[in-house]
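Nothing in this text is a laboratory measurement; each read-out follows from the coordinates by a stated rule. Values in this document were obtained by computation on a predicted structure and should not be read as measured data. A quick note on method: Cβ atoms are made from the backbone with ideal geometry, for glycine too, and the neighbour counts reach across all protein chains shown.
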């Protein structure tokens, strides 16, 4: 099964890009971030026409997450990250697809530093730590997928010295990501490509993509039982080169569901 994550940077404004990529790579499950549309304006008819069912958690103008599934219906289990009942930002949605629990997240950017946006990012991370630990107690394969807005190590950043004071690369944020992984999650890209410089995001300015001056901030974290199924992990760079595209590229993993079933027997 092919599972992908893609920060589309505005689903309605870049719907043609999304549909083109879905047709090209044909992922089975897709986690989308930064929809930038209220729930009522999610393009479900076009998504259905492309062969996908979907659930989504929208927000007017900002944020927003969705899970798409091909030839299956995602069964929603949660909208919103627990721990702050008054948090109105649409940054987390969760569903069961093909027996796998998929949590799609869009972690706050946090800039500028210092400031309330950075404080909110760290607070959101603490809530994620608590909930992720609870998820690991479940006896099912689990994926935490999406735009974490964290470049975990120097290997994940072009010219790290230029990002020292950015909220995507601050020591507090990298420590929070490391603490999350240490709960027992597997970072799919880094697990299969431990020493390779791989990026998922390139700013629009100064020919960043052409120079490969990017960051790795879109991640797949796999629970122990899901990690047993992992067969490949790659960044689908081509869509980032298309006209009027997102500043992120899709990231995709492949899971062997049969091996997971065998491991649970």
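Tabulated results
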| read-out | value |
| --- | --- |
| Net length gained if the chain between residue 117 and residue 161 were fully extended (0.36 nm per residue, minus Cα distance) | 13.6 nm |
| Between segment 229-248 and segment 82-112, the Cα center-to-center distance that results, in Å | 21 |
| Among 16-23, 1-8, 30-37, the order from most to least packed when residues are scored by Cβ within 10 Å on average | 30-37, 1-8, 16-23 |
| Average Cα contact separation per residue, segment 35-134, under 8 Å, 6 or more apart, as relative contact order % | 20 |
| Distance histogram in 5 Å bins (all Cα pairs of segment 174-221, percent per bin) | 5, 19, 23, 22, 15, 10, 5, 1 |
| Cα-based Rg / Dmax (Å) for segment 2-264 | 17.1, 49 |
| Sites residue 256 and residue 175, calculated FRET efficiency, Cβ-Cβ separation with R0 35 Å, nearest 0.05 | 0.60 |
| Over segment 11-146 - Rg/Rh using Cα atoms and the Kirkwood inverse-distance radius | 0.98 |
| Difference of contour (0.36 nm per residue) and Cα-Cα distance, residue 133 to residue 73 | 19.0 nm |
| Using a Förster distance of 35 Å, the FRET efficiency for residue 153-residue 96 (Cβ separation, nearest 0.05) | 0.65 |
| Spread of Cα-to-Cα distances over 10 Å intervals beginning at zero, given as percent, for segment 170-263 | 15, 39, 31, 13, 1 |
| Length gained when the stretch residue 244-residue 193 is fully extended (0.36 nm per residue, less Cα-Cα span) | 15.4 nm |
| Mean separation of Cα contacts under 8 Å (6+ apart) over length of the chain, as relative contact order % | 18 |
| Among 96, 251, 113: highest mean-square fluctuation, GNM of the chain, C-alpha pairs under 10 Å | 113 |
